[in-house]
Amino acid sequence: MKHDGSIATNGPRGRSARTAPPALIDASGSTGEGFAAPADERRVVSLAHLTKLASSYLGEDDLKRVREAYRFSDSSHLGQFRTSGEPYISHPIAVAEICVGWRLDADALMAALLHDVMEDTDVTKQQMVERFGTQVAELVDGLSKLDKVEFASREQAQAESFRKMLLAMARDVRVILIKLADRLHNMRTLGAVERAKQRRVAAETLDIYAPIANRLGLNELYRELLDLSFRFTHPFRYRTLQKAVTAARGMRREGLGRIIDSVQKSLPEMGVKAELRAREKALWAIYRKMHEKHLSFSQVMDVFGIRLVVDSLPSCYLALGALHQTFKPIPGRFKDYIAIPKVNGYQSLHTTVVGPYGTPVEFQIRTSEMHRLAESGVAAHWLYKADKESFTDLQKRTHQWLKSLLDIQHQTGDSLEFIEHVKVDLFPDAVYVFTPKGQIRALPRGATTIDFAYSVHTDVGNQCVAAKVNGSPVPLRTELQNGDVIEVVTDPESRANPAWLGFVRTGKARSEIRHFLRTMKFEESVDLGRRLLEQSLAALRIDAGSLEQALLDKLARDAGAKSLDELYADVGLGRRLAPVVARAIALEMSARPAAAAFAPRPLPIVIHGTEGMAVQCSACCLPLPGDSVIGHMRGGHGLVVHRSDCESAGRARQKDAERWLDVEWGEDIRGQFRTVVEVQIRDDRGALGRVAAEIAASEANIVNVTMDEEPDRVATIRFTLQVRGRQHLALVFRQVRKQADVTKVTRL
């Protein structure tokens with residue numbers, strides 16, 4: 001594999017993802033072998049070579065266990081061959097070698113050797129536990145797809161397998177490291193399969209596996225997966241661009257040499273020792289930049305760059321000063337990822353300067369430790385062994401993200417929905433914002449104030465009513481920018497809004513909103529359904545409080561509901577009619593169903609305005625507390641409240657009277673209710689502002705304003721307001737009528 005993003009030639013065998021850094025530029029500044037294409041590696045993988053590599057850090061007892069896992073895997077896959085014609089065991093060995101490059105422990109190497117055994121043979125998890133222990137069995141199980149379970153579609157099966165793998169990863173990060181090694185070797189040998197499968201696997205890698213590698217800080221692996229995916233999704237474009245990059249190496253070699261000479265003279269003057277390495281941009285990154293910015297290859301100036309690896313953190317900034325003294329920096333092209341690391345833990349200084357021929361050249365400056373983490377990411381740490389108190393910043397961020405997968409899983413029932421949420425969090429671009437106390441938070445680009453609120457705490461998100469960015473009030477859908485300071489205003493009475501799903505960006509926010517809406521709607525529907533059923537039972541002269549629990553549970557089962565609460569929810573949502581359920585109870589009690597005809601008129605349902613989504617005010621007549629109202633059980637939507645004089649309600653009631661019931665407002669009404677007020681006014685300067693000020697003074701909230709101009713300098717203004725009820729609306733009318741410009745005020 002060429003370093004820093006260039007492509008490995010495709011051979012049937014894999015090799016370690018962590019190859020030794022190339023001698024791109026020696027101490028004298030001469031360009032070395034860094035831009036030369038590596039030899040096509042077609043060596044035969046073997047257990048001997050694997051154990052030789054692993055012996056550099058594993059003891060003899062661990063190597064013995066690895067050999068045992070190999071023998072078991074070899075016998076299990078006996079007679080199986082890859083599409084290329086090789087014995088299948090060559091693939092697990094190649095995967096294990098990549099894991100050795102990350103110095104994974106013996107359990108992980110054994111799982112790499114065994115990762116397809118449960119999936120492709122009749123070996124069970126219990127047999128794996130008995131032979132190799134629980135740790136290895138759990139790792140292998142997390143890596144195994146759900147091929148033996150039937151799903152409605154291939155997409156659903158794939159999504160469920162992804163979910164299983166990601167949840168296993170959340171418990172033990174070695175699962176995803178082995179899976180990424182597996183995917184890397186499959187991508188390196190993808191040339192042996194049919195074209196349709198090449199495109200599908202490459203697209204899947206771009207969609208899921210490469211972003212995960214990036215999210216975990218495995219930058220070297222990330223770049224190779226991107227370029228291999230590019231090779232198989234756009235083969236012609238890949239070959240064309242590869243030829244262009246190869247040709248450009250020779251043309252730009254002299255310019256790089258002059259720059260390196262200048263840097264090597266300036267660094268010692270600042271007392272900085274640095275290892276210089278030429279860097280080549282990944283082919284996929286070049287192609288994406290050309291595509292997004294509509295550039296030709298000759299217009300992409302940062303195909304090659306230079307990396308400085310220094311011995312200490314202060315030396316990074318000293319080297320930066322030396323570069324800016326030697327070359328003119330380009331404004332706006334400096335990024336300090338040391339002070340503010342990327343989400344995946346990446347740290348480095350990036351600056352772009354004008355080179356000797358006026359060509360921009362990017363420099364990356366980092367310490368050797370930063371470079372190690374930049375290439376190996378979370379694989380450089382034992383996240384699953386570390387004590388939480390000793391977590392590095394990278395480990396903490398990774399741990400929080402892995403934990404968020406479990407949180408999303410708890411809120412999500414559907415595997416396709418789960419994968420949708422996870423994909424949202426895998427995009428590499430991020431913005432860095434601050435809490436009022438100065439704590440930094442990383443969010444995906446395009447994230448809004450609602451995303452920020454949910455990143456702080458679920459309750460903060462659910463109760464969010466307003467937000468301030470840099471001290472100024474902003475709409476909740478405002479997209480955040482780097483450096484913004486966010487303050488969230490909450491109200492304990494507030495609830496998550498379904499409209500937020502239209503603009504939130506993070507998987508956590510999306511899953512939490514959906515979970516809240518599902519949960520609250522269910523709970524509110526259960527409460528309303530219980531009240532409706534009690535009312536219908538009272539009409540049959542049955543006291544709901546006297547019913548035995550066993551009778552109610554049997555009724556729920558007979559109705560096909562999973563529980564009594566689900567039956568109540570169905571009644572509350574209008575999926576089942578309360579009188580029908582009440583008559584079924586009466587039959588169970590051997591009562592006469594006809595008794596309902598002689599029963600007194602049932603008492604109306606009392607509503608308080610706090611029922612949430614289970615009770616809604618109709619948009620056609622916008623009833624307010626104090627209005628005479630009736631209710632409609634709309635299937636799947638709960639109770640919809642209309643004014644008694646609503647014409648639409650009157651027509652609908654004649655067609656389906658059974659779904660209508662009497663309702664009335666309770667004494668303790670809480671919440672805000674929408675209404676529309678029409679104001680006729682003389683169209684003088686400032687008249688609209690004066691009317692709006694009077695409405696605000698009466699503590700009503702203006703939601704929307706429209707205005708129609710009429711002849712003779714008269715205007716009709718329609719205000720959509722939120723008020724507490726009819727009495728509050730009357731107060732608004734009195735305030736508005738005080739204005740001399742107002743000629744008429746009516747409620748629509």
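Note on Trp665: accessible area is roughly 40 Å² with a 1.4 Å probe, heavy atoms of protein only.
The His291 and Ala466 beta-carbon pair, evaluated with R₀ = 45 Å, returns a calculated FRET efficiency of approximately 0.70. Under 1.5 on a/c is rounded, so check that first for region 656-720, then, if it is not, pick prolate when a/b is larger than b/c and oblate when it is not; a ≥ b ≥ c are the square roots of the alpha carbon gyration tensor eigenvalues. Oblate shape, in that a/c is at least 1.5 and b/c is the bigger or equal ratio.
Directionally averaged projected area (region 190-299, Cα convex hull): 9.3 nm². Kindly flag which residue pairs out of Lys243/Lys281; Lys265/Lys328; Lys293/Lys508; Lys52/Lys125; Lys289/Lys342 have an alpha-carbon separation exceeding 22 Å in this structure. The pairs that break the limit, which is 22 Å between Cα atoms, are Lys293/Lys508; Lys52/Lys125. FRET efficiency for the pair Lys125 and Met520, taken as 1/(1 + (r/R0)^6) with r the Cβ-Cβ distance and R0 = 60 Å, rounds to 0.95.
Per-residue accessible area (protein heavy atoms, 1.4 Å probe) orders Met290, Met187 as Met290, Met187, starting from the largest.
Seen through its C-alpha gyration tensor, with square-root eigenvalues sorted a ≥ b ≥ c, region 699-748 comes out oblate because a/c lies at 1.5 or above while a/b is not bigger than b/c. Scalar couplings 3J(HN,Hα) for region 483-494, obtained by applying the Karplus form with A = 6.51, B = -1.76, C = 1.60 to θ = phi - 60°, are x, 5, 9, 10, 10, 9, 9, 10, 9, x, 7, 7 Hz; x denotes Gly and Pro. Label point of Val193 set 7 angstrom out along Cα-Cβ; within region 231-250, amide nitrogens under 18 Å from it belong to 231-235.
Cys646 contributes an accessible area of around 10 Å² to the protein surface, as traced by a 1.4 Å probe with all chains present. The separation of region 243-312 from region 678-713, counted between C-alpha centres, amounts to 63 Å. Summary of the geometry: region 345-367 and region 446-507, compared by the centres of their Cα atoms, lie 36 Å apart. In this structure the amide hydrogen of Ala467, modeled in the peptide plane, comes within under 5 Å of the amide hydrogens of Val474, Val489, none closer than 5 places in sequence on its chain. By its C-alpha gyration tensor, with a ≥ b ≥ c as the square roots of the eigenvalues, how is region 197-246 shaped: rounded for a/c under 1.5, else prolate for a/b larger than b/c, else oblate? Cα axes put region 197-246 in the oblate bin. Sequentially through region 48-56, phi angles give Karplus couplings (6.51, -1.76, 1.60; θ = phi - 60°) of 4, 5, 4, 5, 5, 5, 6, 5, 5 Hz, Gly and Pro residues having no value and appearing as x. For Val703, the residues 5 or more places off, or on other chains, whose built amide H falls under 5 Å of its own are Thr720, Leu721, Gln722. What FRET efficiency comes out for the pair Lys744/Glu493, r = Cβ-Cβ distance, R0 = 30 Å, nearest 0.05? Once the sixth-power term is evaluated, E becomes 0.30.
Stretching Asp61 away from Thr706 to a fully extended chain increases their span by 224.2 nm, per 0.36 nm per residue minus the current alpha-carbon distance. Annotation: amide H of Val431 within the under-5 Å range of Leu443, Arg445, sequence separation 5 or more or interchain, hydrogens built in the peptide plane. Phi angles across region 443-459 convert, under the Karplus curve 6.51 cos²θ - 1.76 cosθ + 1.60 with θ = phi - 60°, into 3J(HN,Hα) values of 10, x, 4, x, 5, 10, 4, 5, 4, 4, 4, 6, 5, 6, 6, 4, 5 Hz, Gly and Pro given as x. Taking all protein chains together and a 1.4 Å probe, the residues Lys437, Lys738, Lys554 rank Lys437, Lys738, Lys554 from largest to smallest accessible area.
The values are calculated or read from the model by the stated rules, or taken from the named source; none is laboratory data. These figures come from a predicted structure and were not determined experimentally. Please note: Cβ atoms are built from the backbone with ideal geometry, for glycine as well, and neighbour counts cover all protein chains shown. To get the accessible areas, we keep the full protein, side chains included, count just its heavy atoms, and leave off ligands, DNA and RNA. Shrake-Rupley method; radii C 1.70, N 1.55, O 1.52, S 1.80 Å.
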